[in-house]
Amino acid sequence: MEKNVRVRFAPSPTGPLHMGGVRTALYNYLFAKKMGGTFILRIEDTDQTRFVAKAEEYIIEALKWCGIPAAEGVGFGEGAYGPYRQSERKHMYKQFADILIEKEHAYYAFDTPEELEQMRENLKKAGVAAPQYNAITRHSMKNSLTLSAQEVQHKLESGEPYVIRLKVPRNEEIKFNDIIRGWVVVQSSNIDDKVLYKSDGMPTYHLANVVDDYLMKITHVIRGEEWLPSAPLHVLLYRFLEWEEVMPRFAHLPLILRPDGNGKLSKRDGDRLGFPVFPLNWTDPETGENSTGYKERGYYPQAFLNMLALLGWNPGTNQEIFSLEELVSAFSLERVSKSGAKFDPEKTKWFNQQYLRRQTPPQLAQAWMPELIEKGINADSVFIEKVCSLLQEKAHFINEFWSLGFYFFTAPAEYDKEVIKKRWNEKAVLFLETFHNHFLTLSESSSAEIEATFKTICEQLQIKPGEVMQLLRVAITGLGGGPALFEIISLLGKQEVSNRLKMALDKIPSYA
RNA sequence: GGCCCGUUCGUCUAGGGGUUAGGACGUCAGAUUUUCAUUCUGAAAACAGGGGUUCGAUUCCCCUACGGGCUGCCA
């Protein structure tokens, strides 16, 4: 077993973290915990042009809400390998680019963006589908391989903008053993001379992530499949920097796909299809555009995480509901699947329902209380808890409680029209009146008692219970469905039910 | 286009040379609660296609098809 496992989640702060990112963070977290290792948050902000204010803060808040905090890194008390923001590590990268140049594994390039564009266009015209800056084309570009040493020196000294590119060998087989995918083999001729160091003095992702992973003693790189094509490049970097023996193991996670059609789940899909893609609400600082989060939609973070964990990983058993601790002990990268997984919003709701079911009535009452207070409801806590335990089995979210059970606190203002249309007739009115009278004479009003009364009356009047049961419900709650009716009546109490029956008898005839 | 990765019910997936191919969500049907939006039971529902290898392939290999990712001085 490896010792001192160190993994990192390394998002770039270009916007809110979406659920794919959360899952990557989760798998990193689970793996770290499982191995007794360290989970690190590193902010990859090497692209200053794409910086989004508040994004970093959002990422940190999201991890906290989910309950998968980093042990080390930005927003989590730093650690021994800081700083953990690449912009603050700016000074560390150049020396490694220089080493590569010294070893002739990299070179300076002075081509302007226009010249690069020109090169690509020319090659396309000549029939090259994917023009590359590579072992062939670099000979006709402006770089330290084609220019004389003096020219290069002069350009450098005169402050001409330059980048440093990796000199990818012409024809070499590069391979690595991915934990999830097995051996991945790529010919170096298919890799281009990637920019490692940008003209603005910042490294690109490729250089920065390799340098930082090395410096931070990262043992396993667990990231999305979109990185698979550049992994060989990173392997090359480790080799050229002579860090191969401490090169991390790679695990490339399958993508999360959109529920409709195909393709990677994107930030836009959520609002288009009506489910959140972000853990928390987000307001775009530029456009003011709002996106809803799982938190604000009423999801439990545990349910959200549980769903995410099973999207691309499974324990090999039939267990589906896992606490975080259970996930940690069951998790392994080997059981992560290779193929992309379509996200299923319905099953996500189901997970939340499962967690809701597992709450105790006091927990539910506490969670519901703010809304009740806001609505000016002032009820006994024991009563509220009883309401919660009835509502619990009908709801997926606590935020459905009010629309499902407002009638516990206030008489209905409307009645289900469908039911009235179908069931309201003279016989039904007679039933309601009779039931009302009997109900008032009841000495105790337990649900069993009420049910017995109900049945007796049905027999007396020769009415099938099915004909009036739902109507009775509508008269009292206004709704056509809900928790056990006699429980509701019992809980509401004699006086209230009596009032409501009177009101229903009075209002319903002129209804619909 | 090129390179890379993938392909078991509609969806998430288990399995793995000989199985009635298992589970979950969803769907549908029955039951029960003499209502329902709960619960229970049940049903329909899958190995992309073609070649090998093999006594036998859904499982191993190859090809095809399809899907996805990447192809920036983005990450």
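Quick note: the coordinates plus some simple rules give every number you see, no bench work behind them. The structure displayed is predicted, hence computed values, not measured ones. For neighbour counting, all protein chains shown are included, and Cβ atoms are generated from backbone atoms with ideal geometry for every residue, glycine included.
Miscellaneous remarks
- Sites A:ALA484 and A:SER510 - FRET efficiency at Förster radius 25 Å, r taken between beta-carbons, to 0.05: 0.25
- Distance violations [Cα-Cα > 31 Å] among A:LYS394/A:LYS502; A:LYS142/A:LYS267; A:LYS347/A:LYS386; A:LYS33/A:LYS338; A:LYS90/A:LYS142; A:LYS64/A:LYS217: A:LYS142/A:LYS267
- When each of A:HIS105, A:HIS139 is scored by the number of other beta-carbon atoms lying within 10 Å, the sequence from fewest to most is A:HIS139, A:HIS105.
- Between the beta carbons of A:ASN177 and A:LEU461, assuming R0 = 60 Å, the FRET efficiency works out to 0.15 to the nearest 0.05.
- Degrees separating the helix A:465-477 axis from the principal Cα axis of chain A, which is the longest one: 70
- In Å, descending, principal axis extents of the Cα set of chain A: 109, 51, 38
- With Cα atoms, 0 to 90° folded angle of helix A:19-34 axis to chain A main axis: 80
- Share of pairwise Cα separations in region A:109-250, more than 25 Å, in percent: 35
- A:HIS234, A:HIS436, A:HIS154 arranged by Cβ crowding within 10 Å, fewest neighbours leading: A:HIS154, A:HIS436, A:HIS234
- Neighbourhood charge, 13 Å Cβ-Cβ cut-off, centred on A:ALA341 and excluding it, Lys, Arg +1 and Asp, Glu -1: +4
- On the beta carbon distance between A:ASP380 and A:ALA130, with R0 = 60 Å, the FRET formula returns roughly 0.25.
- For chain A, the longest site-free run once GluC sites (Glu not before Pro) in DSSP loop states with at most 15 other Cβ atoms within 10 Å are removed: A:3-77
- Footprinting exposure proxy for A:ILE60, A:ILE489, A:ILE450 (fewest neighbouring C-beta atoms within 10 Å first): A:ILE60, A:ILE450, A:ILE489
- Near-label residues of region A:67-84 by backbone N, under 11 Å of a point 7 Å along Cα→Cβ of A:GLN48: none
- Sites matching trypsin sites (Lys or Arg not before Pro) across region A:140-201 that sit in DSSP coil, with at most 12 neighbouring C-beta atoms within 10 Å: A:ARG170
- Three-way shape label, region A:436-503, alpha-carbon gyration tensor, a/c 1.5: rounded
- Over region A:83-165, relative contact order from alpha-carbon pairs under 8 Å, at least 6 apart, %: 38
- Under 5 Å, built H, 5+ apart or other chain: amide partners of A:HIS396: none
- Net charge of neighbours whose Cβ lies under 11 Å from the Cβ of A:ILE488, counting Lys and Arg as +1 and Asp and Glu as -1: +1
- Shape index of region A:252-404: Rg/Rh, with Rg the Cα radius of gyration and Rh the Kirkwood radius from the inverse mean 1/r over Cα pairs, equals 1.02.
- Over region A:379-512, all Cα pairs binned in 10 Å intervals from 0 give whole-percent P(r) values of 12, 45, 35, 8, 0, listed from short to long.
- Nitroxide proxy distance, nm - points 7 Å out along Cα→Cβ at A:ASN122 and A:GLN187: 2.5
- Amide H within-cut-off set for A:GLY73, under 5 Å, with H built and near neighbours excluded: A:LEU41, A:GLU78, A:GLY79
- Full extension of the chain between A:LEU145 and A:ASN499 yields a length gain of 118.2 nm, computed as 0.36 nm times the residue separation minus the alpha carbon distance.
- Across region A:24-90, Cα-Cα distances exceeding 17 Å account for 44% of all pairs.
- Label-point gap, in nm, between A:LEU156 and A:GLU449 - each point 7 angstrom along Cα→Cβ: 9.5
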